[in-house]
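Only one structure is covered here, and it is reproduced in the block below.
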Amino acid sequence: MPLPAFTPRILSGIQPSGGLTLGNYLGAVSRFVEMQESGQYETLYCMVDLHAITVWQDPANLRHNTRELAAFYLAAGIDPAKSALFAQSHVPEHAQLGWVLNCVARMGWMGRMTQWKDKAGKNSENASLGLFAYPALMAADILIYHATHVPVGEDQKQHLELTRDIAAKFNNDYGVEFFPITEPVIEGTATRVMSLRDGSKKMSKSDPSDMARINMSDDADTIAKKIRKAKTDPEPLPETVEGLEGRAEARNLVNIYAALAGVGPENVIAEFGGQQFGAFKPRLAELAVEEIAPITGEMHRLMADEAELDRILAQGAAHARGIAAPILEDTFRIVGMLPRQ
């Protein structure tokens, strides 16, 4: 089989497990929009609902959360005329390639995944097989499109390294150069948005304190209150970016401001360096409200028309399958499940 010419292509997804936060926006979806608009890549974005069910989901909630996440993508700027937007489960080639890659991946590789250890903990005997094996499905999500680049946060970098290992092993096992060795894209000032209560922890919907995060559903007063009460230290903002070293909460707020404003942290320090947080936080709150409120409003509008959301997702799935189906067919030919052409 001839060496394929890989189209520059981006694939990424978010689990539809509810509770969308500012971290989802700044750490993921705003970057997805930038990549869509860059013109450098073909872009595909999905709701990874197959990954969501590695732990039990209430079916009604899963349906709602999948549509809500789709509305979030669209409200934040994903354009279905420019990017394929779809639910992972609506493209069966993901699961079909996932099985092939289950047979390529090694148990030892899966057992070393940090997130498996964190999520299963001491209760691994009762964790689902899907939770253990899902990094192979994540590899399939990427490789079913021959995606050349994947935007990832630092916490997902290990899984992308596994994807590269699986692709390399498949190519080596079958003597082909079929799957690309996908490159991670880890960029941006707020690729990992941290908790407003503890700058050493990632902002998370699962944090017991709602004050630790900004939800995409929060109103203007709530956003302002959370930023006003965000944990800081008693020192003023430093005069240089280097001065943020060892000041996790200060760095987090500066990074959030920079990401919302579309500038670098050095620009924020140039404007606010030497000022107390009492002066900085109101400006940050104003900026956050200005950025988030229109997205929240558009999400509500989109959620009021579920039929239109479903139509957009069906259109995106059809587009995605147009790419995935020939790649799966070629995979089956390589493995020996279809005759060679």
- Hey, Met216 hits all of (1) touching a residue at least 60 places away in the same chain (Cβ under 8 Å); (2) surrounded by 16 or more Cβ atoms within 10 Å (Cβ to Cβ); (3) farther than 26 Å from Ile53 by Cβ but one; which does it fall short on? (3)
- Query: Does Gln341 fit the bill of being polar (S, T, N, Q), at pLDDT below 95 and either closer than 29 Å to Pro16 by Cβ or out of contact with any Ser or Thr (no Cβ under 9 Å at 6 or more places or on another chain) (or both)?
  - Reply: yes
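Here is a yes/no grid of residues against (1) over 22 Å from the mean Cα position of the chain (by Cα); (2) loosely packed, with under 13 Cβ neighbours inside 10 Å; (3) among the acidic types (Asp, Glu); (4) outside any helix (DSSP H, G or I):
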{"position": "Thr232", "(1), (2), (3), (4)": "yes, no, no, yes"}
{"position": "Asn267", "(1), (2), (3), (4)": "yes, no, no, no"}
{"position": "Gly278", "(1), (2), (3), (4)": "yes, yes, no, no"}
{"position": "Glu286", "(1), (2), (3), (4)": "yes, no, yes, no"}
{"position": "Val289", "(1), (2), (3), (4)": "yes, no, no, no"}
{"position": "Pro294", "(1), (2), (3), (4)": "no, yes, no, no"}
- Within segment 126-136, can one find any residue that is small (Gly, Ala, Ser), under 15 Å from Tyr45 (Cβ atoms) and surrounded by fewer than 19 Cβ atoms within 10 Å (Cβ to Cβ)? no
- Task: Of all residues in segment 23-69, count the ones that are hydrophobic (A, V, I, L, M, F, W, C), surrounded by fewer than 22 Cβ atoms within 10 Å (Cβ to Cβ), under 23 Å from Ala259 (Cα atoms) and free of Cβ contacts under 8 Å to residues at least 60 places away in the same chain.
- Result: 1
- Message: Given (1) of a type in the set (Val, Ile, Thr); (2) in a loop (DSSP other than H, G, I, E, B); (3) free of Cβ contacts under 8 Å to residues at least 12 places away in the same chain, identify the lone condition not met by Thr222.
- Response: (2)
- Identify, by number, the condition in (1) closer than 21 Å to Pro135 by Cβ; (2) in contact with a strand residue (DSSP E or B) (Cβ under 7 Å, 6 or more places away or on another chain); (3) free of Cβ contacts under 8 Å to residues at least 60 places away in the same chain; (4) of a type in the set (A, V, I, L, M, F, W, C) that Met113 doesn't meet. (2)
- Lone qualifier among Ala147, Ala105, Ala95 - being hydrophobic (A, V, I, L, M, F, W, C) and under 18 Å from Val185 (Cα atoms): Ala147
- Quick count over segment 70-83, residues being within 11 Å of Gly316 (Cβ to Cβ) and touching a Phe, Trp or Tyr at 6+ places or on another chain (Cβ under 7 Å), is 3
- Task: Mind telling me which of the residues Val104, Val176, Val100 ends up being part of a helix (DSSP H, G or I), among the β-branched types (Val, Ile, Thr), under 24 Å from Phe332 (Cα atoms) and modelled with pLDDT of 95 or more?
- Result: Val100
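The values are calculated or read from the model by the stated rules, or taken from the named source; none is laboratory data. What you see is a predicted model; the values in this text were computed from it and never measured. All Cβ positions, glycine included, derive from the backbone under ideal geometry; neighbour counts span all protein chains shown.
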